[in-house]
Amino acid sequence: MTAAASLDTILATLPQRHAGPGGAVAVLKNGQVLARHAWGFADAARRIPFTPQTMSLICSISKQFTCALLLDLFPDPTVLTGDLHRRLPLLEGARPGILDLAHNQSGLRDYWAVAMLQGAPVEGRFTAEDAQRIISRTRSLQFAPGTRYSYCNQNFRLLSDMIEERTGQAFADLLRARVFNVAGMPTAKLNADTAWVEGGTLGYEGSAAEGFRPAVNHIVWTGDAGIAASLEDMIAWEQYIDATRDDADTLYGRLAGPVTFRDGTPATYGFGLARAEFHGRKATCHEGGLRGFRSLRAYLPEERISVVTLFNHMADPRGPALEILGAMLGGTSAAAVTEGDAAGVLGRYIEPESGLAVAIDAAGEGRIRLGYGHGADLLSPAADGAYGSAGSRLAVTEQGLRLERPSENLATVLAPVAGEPAADVEGVFRSMELGAELTLAASGGGLYGAFSGFLGRGEMLQLKPFSQDVWLLPCPRALDYSAPGDWTLRFERDSAGRVSGVTLGCWLARNLSYTRV
């Protein structure tokens, strides 16, 4: 089968393999459209078809457009440093710079995660004023600026807010005049209030097995995830990228250059773009997700291939991209599986810098499952006895089990933990930094917890035991589609052995101290 025939087959069967109400994909080579394919419905109840002209939320793909505008207006973005510091009046110690924001190296805790600590209802309203209140209350960072990578949405809200304040012009108008018009994107626009999308496009939760239902969004976004665009708009963006590929001083050229951490180590994320690989080929790309919408765009510069995926449901947008690129590039052969000895690896640990729980379990076929950070990662055994994946590496060393996460600039030795936690942790705990509370209560043999703060009273959820004095509090759904997951709760005891406090965190928001009331 030729590459063209294989591509046609993949496109024709996408709706079956990635089931949902609707979607669209585009494939480009050398700036020319090879395929624009849409299917299903933008609103299934009203039978509005999903077409290449349908407006859809592109979610966090918005971040690169925010950075493109930033660099177009301010070739030296550090001129905004004072503006940033004024927005963090309570922050103690080292302060992040503008480039730390653009590269997700700021050390700020993600405000969607912090919103859940403030008791935000999962489907509640979150306004610009709520965002400002969380950001302005920041007193500490979770790491020194420029030393680590951690995804943080308000980095880009701060950028868009500062752009508006410094220019005296609306962010939406600036995007239209200086980015969308330049790239030839006729209908792309800022769609800050995600409760409604122009044209009536709905996002959906659920699955083919359980059925789909309209997703509820009441978040006001800006530079972090506030843009809506059609497939035709995204095609225009990819064509602009390819047409200007040899000019480092264009909108995209400024974004796609090399970036580093402050110690000079190369970074894989910068200016709202991920530097990644698809089937072994280098790409600049970004995924996006809001409740009911998923998206992806990727450009492979050496091959001059672009792929765009837009879904109005929660299927993984990488799936179509990997399938399409596999057909066009010939795919890659699966590496031979090396037999590994996981006996010295499996178990429960705490990552000492973040304080987060780490679970390592057997995953079958010689692989292990690393539960750390924002989800699970499957690692395969290597010839040197280590285990690795695209993002993580585990190796037994003289110091202990070493975890390396190059994209985060993290190399750490995990601390093993054991035992079962006692249930004598009931009570109310208060964070002085957040002005928020954690309530823990036992009921019929189960232990339950919930957060409360200026955004409301969160629902009680059952905790899971992890190790001695460590419990996990699940957070499977949140304001943002990408929920915190499990909060790690590490309890402290006084000299009499009584619980006196707890330090909690997730990958998005770490090391927050609470004292027992």
Legend entry - Whole-number percent relative contact order across the chain, with pairs defined as alpha carbons under 8 Å at least 6 apart: 17
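By how many nm would the segment from residue 378 to residue 477 grow when fully extended, if each residue of separation counts as 0.36 nm and the alpha-carbon distance is taken off? Could you put the intermediate results ahead of the total?
On the way: separation 99, 0.36 × 99 = 35.64 nm, distance 2.29 nm.
Extending this stretch completely gives an extra 33.3 nm.
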Inset, instruction - On a C-alpha basis, how far is the centre of region 175-207 from the centre of region 416-485 in Å? Whole number, if you could? - result: 36
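Can you tell me the length gained on complete extension of the stretch residue 277 to residue 193, counting 0.36 nm per residue apart and subtracting the Cα distance?
Additional length available on full extension: 26.9 nm.
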Legend entry - With DNA, RNA and ligands ignored, accessible area of residue 285 (1.4 Å probe; Å², nearest 10): 10
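List, in the order given, every pair from 189/464; 189/282; 282/464 whose Cα-Cα distance in the structure shown is over 32 Å.
Numbers: 189/464 43 Å; 189/282 29 Å; 282/464 40 Å.
In this structure, 189/464; 282/464 exceed 32 Å between Cα atoms.
Do the sum for the chain: with -39,500 (n - 2.57) for every DSSP H run of n ≥ 4, divided by all residues, what is the mean residue ellipticity at 222 nm, to the nearest 500 deg cm²/dmol? All intermediate terms of the calculation are to be shown ahead of the outcome.
Working: 11 runs with 104 residues, N = 517.
Calculated at 222 nm, the ellipticity per residue is -6000 deg cm²/dmol.
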Inset, instruction - Starting from the Cα of residue 243, step 7 Å along the direction of its Cβ; do the same at residue 79; then give the gap between the two resulting points in nm. - result: 2.8
Inset, instruction - Would you mind getting the accessible area per residue of the chain, heavy atoms of the protein chains only, 1.4 Å probe, in Å²? - result: 40
Legend entry - Whole-Å distance, taken between Cα centres, linking region 77-100 and region 376-392: 38
Legend entry - Nearest-ten-degree value, helix 62-73 long axis tilted from longest Cα axis of the chain: 70
Legend entry - Under 13 Å, Cβ to Cβ, from residue 300 - net charge with Lys/Arg +1 and Asp/Glu -1: +2
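Rounded, prolate or oblate: which fits region 218-352 when a ≥ b ≥ c are the square roots of the eigenvalues of the alpha-carbon gyration tensor, with rounded for a/c under 1.5 and prolate only if a/b beats b/c? Intermediate values should be presented prior to the final figure.
On the way: a/c = 1.45, a/b = 1.38, b/c = 1.05.
The shape class here is rounded.
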Legend entry - Heavy atoms of residue 17 accessible to a 1.4 Å probe, total area in Å² rounded to 10: 100
Inset, instruction - Measure off, as a whole percent, the carbon and sulfur share of the 1.4 Å-probe accessible area of the chain, all protein chains present. - result: 52
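Compare the peptides 67-79, 21-33 by average per-residue count of other Cβ atoms within 10 angstrom and give them in order, highest first.
Numbers: 67-79: 17.5, 21-33: 20.6.
Ranked by mean Cβ neighbours within 10 Å, highest first: 21-33, 67-79.
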Inset, instruction - Run the numbers on region 272-418 and let me know its relative contact order in percent, using alpha-carbon pairs under 8 Å that are six or more apart. - result: 13
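Taking a ≥ b ≥ c as the square roots of the eigenvalues of the Cα gyration tensor of region 366-475, is the shape rounded (a/c under 1.5), prolate (a/b larger than b/c) or oblate?
Working: a/c = 2.59, a/b = 2.04, b/c = 1.26.
It is prolate, given that a/c is not under 1.5 and a/b is the larger ratio.
State whether region 1-148 is rounded, prolate or oblate according to the following rule on the C-alpha gyration tensor (a ≥ b ≥ c being the square roots of its eigenvalues): a/c under 1.5 gives rounded; otherwise a/b larger than b/c gives prolate, and the remaining case gives oblate. Kindly include the intermediate steps, with their values, before the conclusion.
Details: a/c = 2.83, a/b = 1.83, b/c = 1.55.
Prolate is the answer for region 1-148, as a/c is 1.5 or above and a/b outweighs b/c.
What is the gain in length, in nm to one decimal, between residue 12 and residue 454 on full extension, counting 0.36 nm per residue of separation less the C-alpha to C-alpha distance? Numbers along the way, then the final one.
On the way: separation 442, 0.36 × 442 = 159.12 nm, distance 4.90 nm.
Contour length minus Cα-Cα distance gives 154.2 nm.
Could you please report the charge total around residue 181, scoring K, R as +1 and D, E as -1 over all other residues with beta-carbon less than 13 angstrom from its beta-carbon?
Details: positive: 176, 178, 189; negative: 72, 173, 233.
Taking every other residue near residue 181 into account, the sum is 0.
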Inset, instruction - Could you tally the net charge around residue 373, taking each other residue with its Cβ under 11 Å from the Cβ of residue 373, Lys/Arg +1 and Asp/Glu -1? - result: -2
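The values are calculated or read from the model by the stated rules, or taken from the named source; none is laboratory data. Note that this is a predicted model, so its numbers are computed, not measured. With ideal geometry, Cβ positions are generated from the backbone for all residues, glycine too; neighbour counts draw on all protein chains shown. The accessibility values were calculated without ligands, DNA or RNA, using every heavy atom of the protein model including side chains. Shrake-Rupley method; radii C 1.70, N 1.55, O 1.52, S 1.80 Å.
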